[in-house]
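> Handing you this structure, nothing more for now.
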Amino acid sequence: MEQNFNYIRENYITEEELCNETGITKDELTVLIQNNLVPEASYVVTRNIKITSPLNDAFQNEITEKYFSKNCISLIRKNKALKDPSQYKEEFRQKFVQKLMEHSDKNFAYGNMFVNNIPESEKLNEAFESEWEAYCDGIYGICTLNATEEEIVKKEIAVKKLIQFNTKYSEKTLSGDELNELMKLNEEFNEVARKFAPYQRGVSSRGKYLDKILENNNLNHLVKKY
């Protein structure tokens, strides 16, 4: 528990800290979240507190704290006065599509979306709506460093490239060129991806597609530590 809590405490901001930093109330934060102008908390930590004394008395209480990605500070400052909540989603979509189209490895992203480098409209809409929902749920506060449109696109592509690499090479000893390719993929993933809380690490994209193949090829020094 302590290692998990330390990771969350070091990398995220509590609801109270977020409100104090941005000058809004918790009720105002709730409204921003409901309007999809700020993502949900990425982690919720519940702790049981018990106090005893020599007087043979006791007090118990349960404390729940919500932890948000620190990029929510700038988001609140940007969006708290926005009159039309749909405007933010449209801006987010435009940047998402722009970053996807600009990426040199975009064909790795979101299945077989591209035909002659042009995305199929229906598949693009489905991909965006899925990513938007994950973003609003606070998932990209867990997965990426800053939960930006560019990082969402880059992580999608980095993960798909790692999956392909694992499919081709996980059962063999890597050659020098293949090791270099793996180290490049490691850099691309680390450019945008978080370490994940320790309890999540094994089942995360990092744990499944990067840590294991690095360890299997004596590249333990490249595995991100806490």
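Every number here is computed from the coordinates shown, using simple stated rules; none is lab data. Keep in mind that this is a model prediction, so the values were computed, not measured. With ideal geometry, Cβ positions are generated from the backbone for all residues, glycine too; neighbour counts draw on all protein chains shown.
> Would you work out the relative contact order for segment 2-78, in percent, from Cα pairs under 8 angstrom that are 6 or more residues apart?
Relative contact order for segment 2-78 comes out at 39 percent.
> Just the C-alpha atoms of segment 2-78: what Rg/Rh do they give, with Rh taken as the Kirkwood radius?
Checking Rg against Rh, the ratio lands at 1.12.
> While we're here: In Å, what Rg and Dmax follow from the Cα atoms of the chain?
Considering the chain through its Cα atoms, Rg and Dmax are 20.7, 77 Å.
> Count neighbours as other Cβ atoms within 10 Å of each site's Cβ, and list the GluC sites (Glu not before Pro) in segment 146-208 that are DSSP loop with at most 13 such neighbours.
GLU171
> I would also like to ask the following. Top mean-square fluctuation among LYS50, LYS195, LYS106, Gaussian network model of the chain, C-alpha springs under 10 Å?
Ranking LYS50, LYS195, LYS106 by mean-square fluctuation puts LYS50 first.
> Name the most mobile residue of PHE59, PHE189, PHE92, meaning the one with the largest mean-square fluctuation, in a Gaussian network model of the chain with Cα contacts below 10 Å.
With Cα springs under 10 Å in the chain, the top fluctuation among PHE59, PHE189, PHE92 is at PHE59.
> Which residue fluctuates the most in the chain, going by a Gaussian network model with Cα springs under 10 Å, if the choices are SER69, SER53, SER121?
Maximum fluctuation in the GNM of the chain, among the listed residues, is at SER53.
> With the cut-off at 29 Å, tell me which of the pairs LYS89/LYS224; LYS154/LYS224; LYS161/LYS195; LYS50/LYS80; LYS80/LYS184 have Cα atoms farther apart than that.
LYS89/LYS224; LYS50/LYS80; LYS80/LYS184
> Can you compute the helix-only [θ] at 222 nm over the chain? Use -39500 (n - 2.57) per DSSP H run of at least 4 residues, normalise by all residues, nearest 500 deg cm²/dmol.
After summing the helix terms and dividing by residue count, I get -16000 deg cm²/dmol.
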